1. Return yes when A141 is open to solvent by less than 70 Å² (accessible area, probe 1.4 Å) and at pLDDT 70 or above and no when it is not.
2. Filter segment 123-138 down to residues that are closer than 10 Å to I33 by Cβ and open to solvent by less than 70 Å² (accessible area, probe 1.4 Å), then give me how many there are.
3. Would you pick out the residues in segment 90-122 that are open to solvent by less than 90 Å² (accessible area, probe 1.4 Å) and over 30 Å from V41 (Cβ atoms)?
4. How many of the residues in segment 75-89 are surrounded by fewer than 17 Cβ atoms within 10 Å (Cβ to Cβ) and part of a helix (DSSP H, G or I)?
Amino acid sequence: MGLFDRIGRLVRANLNDLVSKAEDPEKILEQAIIDMQEDLVQLRQAVAQAIANQKRTEQQYNQAMSQANQWQSRAELALRKGDETLAREALQRKKSYMETANTVKLTLDQTFGQVDALKRNLIQLESKISEAKTKKNMLKARAQAAKANEQLQGLLGNINPSSATAAFERMEQKVTDLEARSQAMGELAGSDFESKFAALEAGSDVDDELMALKAQISGAPAPQALPAGQTTAKNPTPVDDELEALKKELDKM
């Protein structure tokens, strides 16, 4: 294959692709109906012209036959009058008109066939146009539905639900982490609170032991450790009074 042939084929392929992409079904259908209606107008004109030719040819045939019949009558009249020469001339005229009539008759028969064919084509075209109009409305509705569905699919294609779901899951995990950290900090705070009290209690035992050791070295009597829950004497407070009243109520129970 030559270079120019390949270039020509490539150009035709690209042009066909451009035409196919540019074709709008709705516009093409409308134009097809318009073209068919224009063909119908032309076909009607052709039928009308054929019928006019048929009538004109039929008139020519009738006139030729009328003249032939007239000369036949004249030949008979001349023969009755004994004028054989005149009768012969009349028969020659009759023959001429008969030949014309026969020729016109052939044309007339052809005209009848043409008119019949054109009438059948006209009826078929009218039927096709009616059917095409019905199909056009249906195809336009289908084309519009297809376009709407294509636009919807395009919108759905631009939506990425997995991305939104992933973002939602990340936020959910983040909230869970925050809750876990808050709970851990609360537990650590409580543990520190308990450890402070434990340190105080341990420190009190060490202080008592240290005081006893000091008294032993100095020879002074060691201070007696107070029973658990008993504190050194001090001025009573409203809290102490309330505590003593609570103890008494508990003893009565």
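1. Numbers: open to solvent by less than 70 Å² (accessible area, probe 1.4 Å): yes; at pLDDT 70 or above: yes.
Against the criterion (open to solvent by less than 70 Å² (accessible area, probe 1.4 Å) and at pLDDT 70 or above), A141 qualifies.
2. 3
3. A90, L91, K94, S96, Y97, M98, T100, A101, N102, T103, V104, K105, listed by residue number.
4. Initial filter on segment 75-89 (surrounded by fewer than 17 Cβ atoms within 10 Å (Cβ to Cβ)): 76-77, 79-86, 88-89.
Restricting the remaining residues to those that are part of a helix (DSSP H, G or I) gives 76-77, 79-80, 84-86, 88-89.
Total satisfying the criteria: 9.
The values are calculated or read from the model by the stated rules, or taken from the named source; none is laboratory data. Only a predicted model underlies this, so the values are computations on that prediction, with no experimental measurement involved. Heads up, the Cβs are rebuilt from the backbone with ideal geometry, glycines too, and the neighbour counts pull from every protein chain shown. Please note that ligands, DNA and RNA were not included when accessible areas were found on the heavy atoms of the full protein model with its side chains. Shrake-Rupley method; radii C 1.70, N 1.55, O 1.52, S 1.80 Å.
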